[in-house]
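The structure appears below as structure tokens.
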Amino acid sequence: MSSVISVRELEVHFSGCDALQGVNLEVAAGTVVALLGENGAGKTTLIRVLTGFQAPGAGKCSVLGLDPTRDALEIRRRVGYVSDSPALYDWMRVSEIGWFAASFYDTGFMDRYRGLIAQYAVPESRKIKHLSKGQRAKVALALALGHDPDLLIMDEPTSGLDPLVRREFLESMLDRVATGRTVLLSSHQISEVERVADDVAILHQGKFRIQQPLAQLRETVSEVLISLEDPLTSLPELDAPAIVLHEESIGRQRRLVVLGFQSSMKEAFESRPGVASVRVRNATLDEIFVACIRGRQLAMNPEPTTPGLTVAEVA
Amino acid sequence: MNRSLAFRTLWWNDLRQLTPVAAVLVVLTLALHVISLISANDPLQTSNWQVLLLLGLPGLFAVGAGALLVGHEKETRTIRWLSTLPIARGDLIRAKLLSSVVGLILMWLISLGLAAVFSAGEIFRAEMPWNGTGDATAAPTWILHSTYLLLAGLALAWRMQSPIVGMLTLVPVATIPLLVAGTVCYAFGNSRDLISPSPAILLACQLLSIAGVIWWGARAALADLGPAKPYRIPQHVSEQLIAPTQSLGAPKLPFAALLWQVTRQNRATLLGCGCLLAIAIMLASAHAGHPGRAKPDNELALATFVCFVASSWLGVSVFQGDKRHNRISFLADRGLPPLPVWLSRQLPPAALLITAALVGAVVIAVNTSRANYSFELLVEILLLALMSFSGFIFSQWTSQWTSSPIVSAVVGPGVSIAAAAYLSFAFTTLAAPIWLLTICAMFPLFATIILMRRWMDCKHDRIFWAGQTAWLVGLTLVPTIPLMVTLGTTESMSRETRAELMAVVQQTQFTSALIQPTELMLTTKQTANEGLEGENHLSPKDAFQTAKDALRNQLTSSDGAVQVNPRIFDFLRFEISMARMRLTGDPAQQPDRAQTIANYNELLRITLQIARRGRLSYRLIDQDGADLLEIALLTELDHAGSSATIEPNVSREIMDTLRDSTSRHRARRQAIALSWSQWSQGKQFRQYGGYYLPDHDGSFSWQQSLAEFRRAELMVQTLWQLNDASVGKNEELRRQLAEYWRVAPIRYGLGPDGNSLVAHDPSQFFLEMRMYPSAPATQWRAGWERQR
């Protein structure tokens, strides 16, 4: 599949901080890619680079085959972009803002917009400033989808919304993907990402920690809970292909989040003196996210052992 | 909670918010004072301008303080957050009131200080504008009025939703005390003018108005900080309300949609400014249509002020309307190109302004009676229109780079005034041509177009600010290009000549060479005191004797330089001629021949003395006068029979002097250098060596002054060269001098019969008594100097 978004060694530096440090990203057509990261990880900066609002310091990127530095306006016309705090004309009514935006796109925008507004049950005659937060978010989404873009970029669109509204948003995304469109979604609502994302990329301090299809990530990352008779018992280092993403001690228990944990490794732990029991289960995305953010010193792995998997050094 | 600490903290917060706009206003006022000082040509105009600045700084602050402290906080919702803190509403309101009053007092003090410094105290003796009588109540009137503006601004900011609407409403509200006072005087007094009430009534109305706005403002503030009233959403909104979007279908032209959006968004501002422009038109029309009113300037002044404010705020609305809640991102996110967005922001307010200008022109033309049509009126109206458009252009530029609409609304007019002042300074003093200044006046439009994309993307980075600064620098420097060109291309005195002149000046530094030459009188004090002039004049014989005695006495009582002026020259030339004529003919027929010969010789001696003493003068005009005296003496020597009438020793002295060309050239050389020194140091305004320098242009611009200065220096160089030159170059140098001094070339002996005016051959020299030199060096290097 051809890449809708392609990012190579992208760097963005602000005074006093490196927002992006050599990130790479490929988004295939017809997929939902979730961009996860804590506050200040660089998600919004990456999106601003992709939409041409921010010039990169180094590296290359392309969106729909266009260079955001040169063709920013064309990209913004062709993608549907929902920012984290969408600017709307609060003095306009819901119908008026759609009518206004329709003038910038091809025919069909108005019908699609009104259909979405009806679907979201937002009153057309009400002024934007009198809408609730969720209703404003729906209007912003309808405006972004009105011209039926091939690519939808959303920057924390459900921030501050109630679960019902978030569910509606997610269903919209699923509908879009079903028709072959692509979605790049930035969020830190892990639970909703789990439901919709095909691929997950976790950004931490300007670098991608993990980029992998979600299904694969779930299968390859395990939570290992080791009960110890003596809390000071040392455990052997795990050999490749296992990579410990996170490790913590909770009393007599040692909790590890491991990528590529093998059953033989479990046997090795169990046979260790001082180990009472070992339990292994698939880690949730939430646990993976936290593990990537908190991290542990790991060796850089330039040659990923698992196809499609990238794991970067965690500070 | 420590209540006093909380109150002080609130006060600190409010003063902090006022600081940026106060700082900008002070800097602007300072810049305007400097421009006024540099371009000061007419002391009265400068004085009026400084009075305007004195009143303008506190006035602008008063207009903006309420909008900034209350309106801006309401917009950003920080006042809501303050309301959630355990602070009494009254404390919050009092803190804002107190900080704004303190700010106003500071502005007055700063303004008075600046005015005192830049006018060297003269400002406090000048008449205030709008009150031609210089009434003592004028100053308190303006202080009270600024206080009223401040309090009314605060009250309106509490009352209104939008700070811009509040400021717009302030303009008519500001006139309430004046109108009330005028109405009272009109109804109960002798006044026939609504806007020129008596000072006492005006003061009383101002005090009452202040009390009124304090009460009203307090109520509005308490209501605003109290619980909000519920908003009622209409259950059945009429289809007509949303008909345009449904019935018209999707707009085909994006530009039309943009125009619709910006007009709807800014309709309050457009409407308010439209009303202000209408008021300005009515005032201007009243000024034009009513002849013989006591104070017609009041109406024009008010019209100018209102028009200027309206056009400035129209300019502010261009970009500030989109800045609210970052609305411009809506268009930026959808990839709209910057140019149509820029055009759509500019078009509605510009169209309103142009329409107002056209309507105003028609209304004024219709209302003005034939008798009142005058060029002056046309100029006034044109200037008003120009000021308005420049106010719009500079204010729209300001609105792109200021973050707050209130700061923009206050700073915009200030920047416009500063820009207009600089451009008129550039026109009058730097002599920048109108077409160049018109282009410079468009720079703010170019700046906003070019930086539009960055502004839409909210990229207020170094490139954005560098771009804005670059346009500002361009606006400042481009009008100086003609001056720079003049500086670079105008020929000036060579370094060698300058060094030679300086050397002569330094040699005479500690001598008596620069002492002012004595002015010789033809009368004695006694004859003047006895009134023996005019009707009681002396007989010709007695007058001659008196004059001769006076000259003799003055020459013997001092030994320094004397002025050789036309009166002395005419007297000596005439008496010498008369004496010689008496001595021609048969000596037997002349009973007092001996006396006549004695008088004749005495006259020759006096003439020679004056010529010698004239050579001591540093003034070139005295050198030229000495030339004429020496030529006259030479003419006497050359006359037939001079050996019988001129005593041998007198003849010898005259010949010695005439032969001493070295001393003559040295004296001229010194006079050229010293006269140049006096003139170039500005000690003698527009005079060089006693001659008034011709005005080649008539303007006061720096460019022309520089050109004039260099032209004059070249003239000095020409004199220097003529004094030292060999015979060959003389004609060209004389031609250059004639051209500079704007005299016919014939005066320098160039052209038909030119030789008769230069003593190449003294016997052919046409020396008319009244032909005193109006240009220097007319007789230099002529034949008379080569006597042996």
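The values are calculated or read from the model by the stated rules, or taken from the named source; none is laboratory data. If you're wondering where the values come from, they're calculated on a predicted model, not measured in any experiment. Don't worry about glycine lacking a Cβ; one is built from the backbone with ideal geometry, like all the others, and counts go over all protein chains shown.
Taking region A:91-100 as the range and being of a type outside the set (Asp, Glu), at the interface with another protein chain (Cβ under 7 Å from one of its Cβ atoms) and surrounded by 18 or more Cβ atoms within 10 Å (Cβ to Cβ) as the test, the residues that pass are A:93, A:95, A:99, A:100. Per the listing B:598, B:594, the residue uniquely among the hydrophobic types (A, V, I, L, M, F, W, C), loosely packed, with under 12 Cβ neighbours inside 10 Å and assigned by TED's automatic domain parsing to the domain that holds residue B:645 is B:594. Every listed requirement among (1) closer than 27 Å to residue B:64 by Cα; (2) more than 8 Å from every other protein chain (Cβ to nearest Cβ) is met by residue B:326 save one, (2).
Per the listing A:66, A:46, A:88, the residue uniquely touching a strand residue (DSSP E or B) at 6+ places or on another chain (Cβ under 9 Å) and either of a type outside the set (Asp, Glu) or crowded, with 19+ Cβ neighbours inside 10 Å (or both) is A:46. In region B:210-233, the residues that are farther than 14 Å from residue B:88 by Cα form Cβ pairs under 6 Å with partners that are modelled with pLDDT of 75 or more and among the basic types (Lys, Arg), at six or more places apart or across chains, as follows: B:220/B:159. Please verify whether residue B:332 is among the small types (Gly, Ala, Ser), touching a residue at least 12 places away in the same chain (Cβ under 8 Å) and farther than 24 Å from residue B:258 by Cβ, treating the condition exactly as stated. In short, no. Working only within region A:26-66, note down all residues that are more than 14 Å from every other protein chain (Cβ to nearest Cβ), in contact (Cβ under 8 Å) with a residue 60 or more places away in the chain and under 22 Å from residue A:174 (Cβ atoms). Hits for region A:26-66 are A:27, A:28, A:29, A:30, A:31, A:32, A:33, A:34, A:35, A:36, A:43.
The residues on offer are B:258, B:248, B:270, B:314, and the sole one that is facing another protein chain (nearest Cβ under 10 Å) and at pLDDT 80 or above is B:258.
Filter region A:197-249 for residues that are of a type in the set (Asp, Glu) and at pLDDT below 85 and give the result.
A:230, A:237, A:239
Each residue in region B:396-423 was checked for being β-branched (Val, Ile, Thr) and touching a Phe, Trp or Tyr at 6+ places or on another chain (Cβ under 6 Å), and 1 pass. Meeting the requirement of 2 or more residues that are under 23 Å from the mean Cα position of the chain (by Cα) and at pLDDT below 90, the helices (runs of 4 or more DSSP H) wholly within region B:405-460 are B:405-428.
Does residue B:535 fit the bill of being modelled with pLDDT under 90 and assigned to a helix (DSSP H, G or I)? Yes; evaluated as a whole, the condition is true for this residue. Can you find even one residue in region B:338-358 that is within 14 Å of chain A (Cβ to nearest Cβ), over 19 Å from residue A:89 (Cβ atoms) and at pLDDT 85 or above? Yes, the conditions are met somewhere in region B:338-358. Quick check on region A:141-156. Is at least one of its residues over 17 Å from residue A:181 (Cβ atoms), among the hydrophobic types (A, V, I, L, M, F, W, C) and either at pLDDT below 90 or in the same structural domain as residue A:182 (by TED's automatic domain parsing) (or both)? For region A:141-156, residues over 17 Å from residue A:181 (Cβ atoms), among the hydrophobic types (A, V, I, L, M, F, W, C) and either at pLDDT below 90 or in the same structural domain as residue A:182 (by TED's automatic domain parsing) (or both): absent.
Yes or no: residue B:583 modelled with pLDDT of 90 or more and either of a type in the set (Lys, Arg) or touching a helix residue (DSSP H, G or I) at 6+ places or on another chain (Cβ under 6 Å) (or both)? No: the conditions fail for residue B:583.
The condition of being touching a Lys or Arg at 6+ places or on another chain (Cβ under 8 Å), surrounded by 15 or more Cβ atoms within 10 Å (Cβ to Cβ) and among the charged types (D, E, K, R) holds for residue A:76.
Report the residue count in region B:461-484 for those that are part of a helix (DSSP H, G or I) and either within 14 Å of chain A (Cβ to nearest Cβ) or closer than 17 Å to residue B:400 by Cβ (or both).
Final tally of qualifying residues: 14.
Here A:124, A:156, A:168 are screened, and the one residue that is within 13 Å of another protein chain (Cβ to nearest Cβ) and of a type outside the set (Gly, Ala, Ser) is A:124. Taking region A:67-88, which residues are touching an Asp or Glu at 6+ places or on another chain (Cβ under 8 Å), facing chain B (nearest Cβ under 7 Å) and outside any helix (DSSP H, G or I)? Residues satisfying the conditions are A:81, A:83, A:87. Would you call residue A:112 more than 10 Å from chain B (Cβ to nearest Cβ) and over 29 Å from residue A:288 (Cβ atoms)? Spelling it out, residue A:112 is indeed more than 10 Å from chain B (Cβ to nearest Cβ) and over 29 Å from residue A:288 (Cβ atoms).
Could you list all residues from region A:120-171 that are of a type in the set (Gly, Ala, Ser) and either under 29 Å from residue A:6 (Cα atoms) or over 18 Å from the mean Cα position of the chain (by Cα) (or both)?
Initial filter on region A:120-171 (of a type in the set (Gly, Ala, Ser)): A:121, A:125, A:132, A:134, A:137, A:140, A:142, A:144, A:146, A:159-160.
If the condition is that a residue be of a type in the set (Gly, Ala, Ser) and either under 29 Å from residue A:6 (Cα atoms) or over 18 Å from the mean Cα position of the chain (by Cα) (or both), then A:121, A:125, A:132, A:134, A:137, A:140, A:142, A:144, A:146, A:159 are the ones that fit.
Could you look through region B:372-404, keep only residues that are surrounded by fewer than 16 Cβ atoms within 10 Å (Cβ to Cβ) and of a type in the set (Phe, Trp, Tyr), and pick out the one that is modelled with the highest pLDDT? It comes out as B:375. Taking residues in region A:271-290 that are more than 10 Å from residue A:226 (Cβ to Cβ), and partners anywhere that are of a type in the set (Gly, Ala, Ser) and not in a helix (DSSP H, G or I), the pairs with Cβ atoms closer than 7 Å and at least 6 places apart or on different chains are A:281/A:222; A:282/A:222; A:283/A:222.
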